Amino acid sequence: MNITAADVNKLRQQTGAGMMDCKSALQEAEGDFERAVEVLRLKGQKVAAKRSDREAGEGAILSGVNAAGTFGVLLSLNCETDFVAKNEAFIGVAQSLLNLSIEQGITEKEALLAQTYPGTAITVADKITEEVGKIGERIEVGTFHTLSAAQVVAYIHPGNRLATLVAFNQVIAPEVGRDVAMQAAAMAPVALDESSVPAEMVAKELEISKELAIQEGKPAEMAEKIAEGRVKKWFKEATLVNQDFIKDNKLTVAQYIQSAAPGAVATGFHRSALD
């Protein structure tokens with residue numbers, strides 16, 4: 001059967017697959033476009049199976065909020081190489097997933113994967129499989145976080161390798177929210193405040209601090225108290241609201257928020273970064 005360049009281009013426009021892949025799929029499907037699309041999808045599944053043990057350590061991390069500023073999503077679309085992560089088409093898919101999640105109020109990764117991908121009749125999961133077939137790398141939705149509050153602010157660091165979401169109990173000025181979201185990005189807090197630090201993390205810090213004090217020659221009973229003091233200092237450095245505000249280190253982040261919007265507090269945050 002004669003497969004024309006116009007046929008190949010039509011399938012390429014429809015699926016985004018490479019020219020040779022489209023030609024091969026049309027030949028296998030004997031010119032049937034629906035079958036050719038299925039051939040390409042099956043190719044993606046085969047590639048995905050072959051790449052399943054590969055590390056998807058690169059990608060694009062994005063965050064955003066709805067028009068009301070009350071619901072935000074932070075997600076990553078992961079791949080294997082930096083080359084793919086910087087590709088405009090790849091970033092476009094990540095942005096579409098973010099927009100879809102925000103518009104539909106999706107709060108679980110599994111629910112996102114089951115949604116119909118915009119402009120198609122296939123699911124997000126199938127769309128990702130198609131992208132695997134086109135690109136030849138493992139691709140997956142990695143990080144997926146959401147926040148709902150009186151106000152949610154999103155920040156994406158240039159390069160799409162770091163993003164944050166911060167929630168507040170009341171509406172605040174945009175620049176205040178952005179300052180706090182950028183603080184979370186720059187200073188990498190492990191938790192919002194002391195009460196939200198995982199117990200195992202606190203126990204580990206106590207153990208490390210105590211061992212360090214003993215190595216410094218302190219008696220065991222004194223080392224215990226020294227460790228507690230060091231952990232209190234660590235809380236200040238590692239929790240968002242207790243950190244020194246990077247634009248004015250005379251204030252903590254909590255104090256900065258209060259000074260800009262009396263009664264306002266940060267109620268939650270998420271941060272995700274590619275190492």
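Close amide H pairs (under 5 Å, H built 1.01 Å from N) link Leu251 with Phe245, residues at least 5 positions away or on another chain. Taking Cα atoms only, the orientation of helix 220-238 departs from the longest principal axis of the chain by about 50 degrees. Give the residue from Phe90, Val141, Ala111 lying farthest towards the positive end of the charge dipole for segment 54-148; charges sit on Cβ (+1 for Lys and Arg, -1 for Asp and Glu) and the dipole is referred to the Cα centre. After comparing all options, I get Ala111. Placing +1 on the Cβ of every Lys and Arg and -1 on the Cβ of every Asp and Glu, with nothing else charged, gives segment 198-238 a dipole about its Cα centre of roughly 200 debye.
The angle between the Cα long axis of helix 5-15 and the longest principal axis of the Cα atoms of the chain comes to about 30 degrees, rounded to the nearest 10. Shown in residue order for segment 33-38 are the 3J(HN,Hα) couplings computed by the Karplus curve 6.51 cos²θ - 1.76 cosθ + 1.60 at θ = phi - 60°: 5, 5, 5, 5, 4, 5 Hz (x for Gly and Pro).
For the chain, the residue among Gln151, Gly57, Ile208 whose Cα projects farthest onto the positive side of the dipole built from Cβ charges is Gln151. Taking θ as phi - 60° and the Karplus parameters 6.51, -1.76 and 1.60, the scalar couplings of segment 154-167 work out to 10, 9, 10, 6, x, x, 6, 10, 7, 8, 9, 9, 9, 10 Hz in sequence order, x denoting glycine and proline. Using a Gaussian network model of the chain with C-alpha springs under 10 Å, which one of Asp82, Asp244, Asp179 is most mobile by mean-square fluctuation? The residue that fluctuates most here is Asp82.
Sequence-ordered 3J(HN,Hα) estimates for segment 23-31 from the Karplus curve with 6.51, -1.76 and 1.60 and θ = phi - 60° stand at 4, 5, 5, 5, 5, 5, 8, 6, x Hz, glycine and proline given as x. In the elastic network of the chain, a GNM with C-alpha springs shorter than 10 Å, the most mobile of Glu221, Glu130, Glu103 is Glu221.
With runs of 4+ DSSP H residues as the only contributors, calculate the mean residue ellipticity of the chain at 222 nm using -39,500 (n - 2.57) per run, divided by the residue total and rounded to the nearest 500. Each step should come with its number before you reach the end.
On the way: 11 runs with 137 residues, N = 275.
It comes out at -15500 deg cm²/dmol, rounded to the nearest 500.
By its C-alpha gyration tensor, with a ≥ b ≥ c as the square roots of the eigenvalues, how is segment 74-162 shaped: rounded for a/c under 1.5, else prolate for a/b larger than b/c, else oblate? It is oblate, given that a/c is not under 1.5 and a/b is not larger than b/c.
When the Kirkwood radius is taken over all Cα pairs of segment 198-238, what Stokes-Einstein diffusion coefficient follows at 25 °C and 0.890 mPa s, in µm²/s?
In µm²/s, the coefficient is 245.
Magnitude of the charge dipole for segment 177-257, about its Cα centre and with charges confined to Cβ atoms of Lys, Arg (+1) and Asp, Glu (-1), is about 260 debye.
Using C-alpha pairs under 8 Å with a sequence gap of at least 6, the mean separation divided by the residue count of the chain gives a relative contact order of 18 percent. Based on alpha carbons, the Rg and Dmax found for segment 87-131 are 9.9, 27 Å.
Separation of segment 221-246 and segment 79-120, taken as the distance between their Cα centroids, equals 39 angstrom.
The H on the amide N of Ile122, modeled in the peptide plane, is under 5 Å from the matching H of Tyr117, each at least 5 residues off or on a different chain.
Using the alpha-carbon atoms, what tilt in degrees (0 to 90, nearest 10) does helix 88-104 show relative to the longest principal axis of the chain? That helix lies at roughly 70 degrees to the long axis. What aspartates and glutamates sit close enough to Lys10 to cross-link, taking a C-alpha to C-alpha distance under 18 Å and skipping anything fewer than 8 places away on the same chain? Counting by Cα, and skipping residues close in sequence, Lys10 has these aspartates and glutamates nearby: Asp21, Glu28, Glu30, Asp32, Glu34, Glu38, Glu130, Glu131.
Among Val197, Val84, Val253, the largest mean-square fluctuation in a Gaussian network model of the chain, built with springs joining Cα atoms closer than 10 Å, belongs to Val197. Any idea what % of Cα-Cα pairs in segment 137-193 are farther than 13 Å? Percentage above 13 Å: 65.
The alpha carbons of segment 136-275 stretch over 52, 50, 23 Å along the principal axes, in descending order.
So for the chain, considering every pair of alpha-carbon atoms, how many percent are separated by more than 29 Å?
Details: 18063 of 37675 pairs.
So the portion of pairs separated by more than 29 Å is 48 percent.
Could you size up the charge dipole of segment 54-148 around its Cα centre, putting +1 on the beta carbon of Lys and Arg and -1 on that of Asp and Glu, and report it in debye to the nearest 20?
Numbers: 6 positive and 13 negative charges, 28 e Å.
Roughly 140 debye for segment 54-148.
State log₁₀ I(q)/I(0) for segment 58-212 at q = 0.15, 0.20 Å⁻¹ as given by the Debye formula over alpha-carbon point scatterers of equal weight, solvent excluded. Once normalised to I(0) and log-transformed, intensities are -0.85, -1.21. Between His157 and Met20, the simple spin-label model (points 7 angstrom out along Cα→Cβ) gives 3.8 nm.
FYI, it's all coordinate maths here, none of it is from the lab. None of the values given here were measured: they were computed from a predicted structure. Glycine also receives a Cβ, built like all others from the backbone with ideal geometry; neighbour counts cover every protein chain displayed.
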